[in-house]
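Okay, structure first, notes after.
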């Protein structure tokens, strides 16, 4: 695998796993007051489009990153609505 | 410009502008208790690497998106540290 694709995969791991501590923090404290729902809705629209962009360019790192990130963002949105 | 690059630019606008409502919400309420600092630090590492990935692939949308997003994330991190 090309070095740049390895860098893409590492970037994918970071921008994807980054949401896990936020999901955990919400789960632990059952509080989302400070979190912007609009941010997560707009962000979800973006990662969905990036997913399509990655499919077109056959970029494994982009497909993985944006697919999993979109799923995690849906979890945050769900928790935000639950613990409004 | 190819359609797919237009889609990439739209995705870039979404994933970049998404952070603006979060910055605004923090600024308005001066509260960041529910926001995960770890998330934003890890996310910053990721968008920085995506920026390099975009430079390599000469993808205008990725360079723009990850450059501006990294800057906005630094603002959130700064506000998080200020209003701990």
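Some values worked out for this structure:
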| read-out | value |
| --- | --- |
| Filtered residue count, the stretch A:3-21, keeping only those that are more than 11 Å from the chain's Cα centre (by Cα) and either facing chain B (nearest Cβ under 8 Å) or over 21 Å from residue B:66 (Cα atoms) (or both) | 6 |
| Selection within the stretch A:16-36 - in a helix (DSSP H, G or I) and farther than 18 Å from residue B:43 by Cβ | A:27, A:28, A:29 |
| Members of the stretch B:38-57 that are surrounded by fewer than 22 Cβ atoms within 10 Å (Cβ to Cβ), within 14 Å of the chain's Cα centre (by Cα) and more than 7 Å from chain A (Cβ to nearest Cβ) | B:41, B:44, B:48, B:51 |
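Each reported figure results from applying straightforward, stated rules to the coordinates on display, with no laboratory input. All values reported here derive from a predicted model rather than from experimental measurement. Quick reminder, even Gly has a Cβ in these numbers, built from the backbone with ideal geometry, and neighbours come from all protein chains shown.
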